[in-house]
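For reference, the structure is listed below as structure tokens.
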Amino acid sequence: MNSAINTAGAGLGTAGALAVCTALVATAAPARVRPVVGSVGTALTGAAGVAAGIAAVAGQSMSVTLPGVLPLSGVSWTLDALGGLFIAVTGAVAVAGSVYAISYTRSHGLESRGVQAVFPLFVAAMLVVPAAASVGTLLVCWELMALTSLLLVLAEHRQRDEVTDAGRWYAVMTHLGFLAILAGLLTFAAHAGDDSFAALRRAAHTMPPWVAGVVFVATLIGFGSKAGIVPLHAWLARAHPEAPSHVSALMSAGMVNLGIYGIIRVGQDLLGGGPRWWWLLVLALGAVSAVYGILQAAMSTDLKRLLGQSTTENMGLVLVGVGAAGLFATAGQQVLAGLALGAALLHVINHAAFKSLLFLAAGSVLRATGTRDLDNLGGLRAGMPITTGLFGWGALAASALPPGTAFVSEWLLLQALIHGLPSSGGVTSTVTAIAMPVAVAAVALTAGLAVATFIKAFGVGFLAKPRTEAAAQARESPPLMLAGMGLAAAASVVLAVLPGVVLPGIGSAVAAAGVGGESGSARAAAGVVTLRLVGVTGALSPLVLVLALLGASLLTAGVVRAVTAGRVGGARRVARLWDCGGGPLSSRMEYTATSFAEPLQRVFDDVVAPETDVDVDHHEESRYLVRTVEYRRRVPDRIEQRLYQPLLKAVAAWGVAGRGLASGSVHRYLGYGFYTVCALLLLLAVTR
Amino acid sequence: MTALGVVGGIAQPVLIVAGSPVLVGVMRQVRAHLEGRAGAGVGQPWRDLRKLFGKEAITPAGTSEMFRAAPLAQVATTLVVALAAPFVTTDSALGVISDLFAVVALLAMGTTVLALAGLDTATAFGGMGASREMTIIALVEPTLLVAIFALSVRVGSTNLTDIVSATLHDPARVASPVSLLAAVALVVVVVAETGRLPVDNPSTHLELTMVHEAMVLEYAGPDLALVELAAATRLAVFLGLLANLFLPWGIATELTPIALAVGILALVVKVGVLGAALAAAEVFMAKLRLFRVPELLAGSFLLALLAVAASFFLA
């Protein structure tokens, strides 16, 4: 064990100890104080994680080996800048989520022992995954994270039936993913002869290419399923919305990132790069996920489901960056590779900030109105002005428009892709020349659809008139919930205006991943106020952009006030809305989320394949007189229908067929055992 | 930030705000002449604006701050673009935001706030306009960014001032297939973004066809004046960008009165000619059905993609 006590090690150790203590105290505490105890303890756990992560990114390293804890391999943790970045992000999301949870879990019937004790353990499990330094440690921490999150997803299973279904999907898919990671990493460890990451790194160069390929693809499947990458996204859009909202925020803004972490750690760090097709595969999966995820979100009318699908989109964008980085690295373009990976990591941080804000705000809406259906919301700005403002900022941050948060990281990503073409001094190969424009087109389509999606979520859900009584009665959330959202919003504002403050950290994380040149000093971009790309031309200053926008707005307002002699800024006459002379407008005449998305649904008809039913009920006297019309639309996930349903059917059929073998006779079962042993012996005799 | 950039940063917004209603007047006059009408004169848009600014400010019942702030925000985004992009001078007053992506995103931001205002009114018209506008924006974005991609790969930068100076130094680029394909793609994009025929009809108030007008139906008085002014400046900015990306000649590269005068005159002539050509073309066109618009945009997307392919394979 490393004798030097430093912040990184102390922080992580404190986080683990705090989490366990919180879990114990929360189990013992009476129900009245349980939310406070559990949430405050979790917030402190998260804060300790942030401290550890920042210390690791700043250059401290930490190494702990506990040989006796696990049989065979023991447990070992090592913290480097790459892991530290992910730990800091997870910790920060946990702080915002826990502050929010102090009030949220009190009001939502979530003060049960299970939820309050498992929540800190879930946070702690997520904090130790990026520090794992051996295959055994990683797998144990990974499984702990999966199990604790599964318990939290199931928290409200008594209230709603969908929760059980979501939990089942999540349990099965997360364990299939775990199996894939297990198979990949065990193959790797078998070749290395030892399961520590240091040994794997040494063995990577002597491994036959096909084994490395198998390891990479298997871990890509496992980690990709955790990140919600198409076609392994089916659980995400179910489990994230059904979890309690503070858990949704942690899953969507924290846990999915660890899938990205796994891909970078195994692909770039442990396997040391690899051939081009790996990264083309990652790039293609990322582009498909981004477009498919946001398209599903654009069609969605369930606020939390929409946010979950947008997580798939954002992880897709991150993978586009990771794939491009790998592609450039294999071509020897280290500067570009560093830029692309830096853009991907910046997007991870930005996404964590705005997605936790959005999920927490959606939780407030759910608490105030009891519904997540955008078609039943509207007009929340009157009852919940602060939540409306915060969600509005989150929506702007998510839609890649200036001065939002995602705009900065998508700008960096596009810069990396543009400079990758040969005519601008990038990689000279036909594959890159085809991949880069297609990737840019995918990112651009995603950006456009994201704008439409978040305009829908914000405009239909929070502006306009309330569509139901519940929405009209909505009241503002308690201060601690607002404080939790405020923390996430503040982080998102800082990232949008001064992204330069996190870039040095991203630079060291990129270097720790083994990308961006030997010197390790190749930074993706430099400068606090102005992002100036290093090695290629390109500069952008979000701060100047914001100031220019503010200045222009003030100037315009001033001029208008002067021109109209103060009539615009002062009291205004309230007038009736234009109702075509047909009497007052009712909320039933408003556009809903479904109708807002209808043109896009028609345009992408072939991709989303919506199912619509129109039932017309005629009067008995005449077919020309209509009594009622009923319109139903469902946008099922097409990939799920085409890929999962046949698979599930086949498994079910296999199970039914297998029933014939189990007749209940003991003799028969003994016979099965006997013949299996004989067959195995025969097999051994033949092959040996 | 150079002296030339600062002068440009002052001259450009003033010129564009003052000149864009005149541009709209010229376009209406061209259309009127071609249709055999006398027309209201080039100064009519400015007279309309003066009238609207003189009216009482109105708040439609049930609308919020969003509705009132949207026209201001749209004017502000366009002003920032007019300030930062190279229209009259090659140097920019704010070089760190004259990036082509930032400019495009700022202009999209302007449309977006207006769509939110449309939804905020809670009328069927407002929602309809917002929904249609966002559909078009979502489909325009890929074309726009891929066309930008095609133009910027050769320069190795997405900064507008770099692209414009590169074209100035190497005039042969303009005649290359890359430029021509990207130009055609961008023309379609500009038509869609500024709501001209055949994508949207700026002079219709028929509910089946209107897009932009449906969003802004509830605006009146000074607010409507701002919306109209923003629409006009957006048109001028888009045409100015189109002109200077492909034909930057005349733009001031040094700080002398003559160079500046030539720069201003060149911008006025280029934008005027483009606007008149657009207006003349519109006379011979009918508005497309809304669900035909994606086909048009898909076509322009293909051209933009071909432009990128050409930039690699013909290089």
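Quick note: the coordinates plus some simple rules give every number you see, no bench work behind them. Computed from a predicted structure; not experimentally measured. No Cβ is skipped: glycine too gets one built from the backbone with ideal geometry, and neighbour counts run over all protein chains shown.
List of remarks:
- Most fluctuating residue given options B:LEU144, B:LEU229, B:LEU290, as computed from a GNM of chain B linking Cα atoms under 10 Å: B:LEU290
- Computed from label points 7 Å out along Cα-Cβ, the spacing between A:LEU547 and A:ALA470 is 4.7 nm.
- Cα gyration tensor shape for region A:541-688, rounded if a/c is under 1.5, else prolate or oblate: oblate
- Under 5 Å between amide hydrogens, built in the peptide plane, is the criterion, and for A:VAL230 it picks out A:SER289 among residues at least 5 positions away or on other chains.
- Efficiency of FRET from Cβ geometry, B:HIS205 and B:ALA18, R₀ 25 Å, rounded to 0.05: 0.35
- Partner chain coverage, peptide B:65-78 - average Cβ within 10 angstrom: 4
- Amide H partners (placed H, <5 Å) of A:ASP302, local residues excluded: A:LEU374
- Between B:GLU228, B:GLU254, B:GLU56, the Gaussian network model of chain B with springs among Cα atoms under 10 angstrom shows the greatest mean-square fluctuation at B:GLU56.
- Each Lys and Arg Cβ is given +1 and each Asp and Glu Cβ -1; about its Cα centre, region A:276-536 then shows a dipole of about 260 debye.
- Cα shape, region A:40-161, gyration tensor, a/c 1.5 rule: oblate
- Rounded to the nearest whole angstrom, the semi-axes of the ellipsoid equivalent to the protein assembly as shown, taken from the Cα gyration tensor as √(5λ), stand at 49, 34, 28, largest first.
- Between A:CYS580 and A:ALA562, full extension at 0.36 nm per residue minus the direct alpha carbon distance yields a gain of 3.1 nm.
- For region A:1-57 and region A:325-349, distance of Cα centres in Å: 33
- Evaluating 6.51 cos²θ - 1.76 cosθ + 1.60 at θ = phi - 60° for every residue in region B:296-302, the Karplus couplings come out as 4, 5, 5, x, 6, 5, 4 Hz, glycine and proline recorded as x.
- Region A:317-476 shape via C-alpha gyration tensor axes, a/c threshold 1.5: prolate
- Helix content alone sets the calculated 222 nm mean residue ellipticity of the protein assembly as shown: runs of n ≥ 4 DSSP H residues at -39500 (n - 2.57) each, divided across all residues, give -22500 deg cm²/dmol.
- Using θ = phi - 60° in the Karplus curve 6.51 cos²θ - 1.76 cosθ + 1.60, the 3J(HN,Hα) couplings for region A:547-553 round to 5, 4, 5, 4, x, 5, 5 Hz; x is entered for Gly and Pro.
- Under 5 Å, built H, 5+ apart or other chain: amide partners of A:LEU577: B:ALA61
- The charge dipole of chain B, taken about its Cα centre with unit charges on the Cβ of Lys, Arg, Asp and Glu (plus for the first two, minus for the last two), comes to roughly 600 debye.
- Of all lysines in the structure, not one lies under 25 Å Cα to Cα from B:LYS270 without also being fewer than 8 positions from it along the same chain.
- What the phi angles of region A:124-129 give under the Karplus curve with 6.51, -1.76 and 1.60, with θ = phi - 60°, is a coupling list of 4, 4, 5, 6, 8, 4 Hz, glycine and proline written as x.
- Residue pairs, from the table A:LYS226/A:LYS649; B:LYS51/B:LYS287; A:LYS226/A:LYS355; A:LYS465/B:LYS55, whose Cα atoms sit over 19 Å apart: A:LYS226/A:LYS649; B:LYS51/B:LYS287; A:LYS465/B:LYS55
- Comparing B:ALA102, B:ALA236, B:ALA279 in a Gaussian network model of chain B where C-alpha atoms under 10 Å apart are linked, the largest mean-square fluctuation is found at B:ALA102.
- Cα-based reach from A:LYS304 at 18 Å (exclusive), listing aspartates and glutamates while leaving out same-chain residues under 8 positions away: A:GLU156, A:ASP161, A:GLU162, A:ASP165, A:GLU242, A:GLU313, A:ASP373, A:ASP375, A:ASP637
- Calculated FRET value between A:MET589 and B:THR253, using beta carbons and R₀ = 51 Å, to 0.05: 0.35
- Förster-model FRET efficiency, 30 Å R0, A:LEU179 and A:ARG632, C-beta, rounded to 0.05: 0.20
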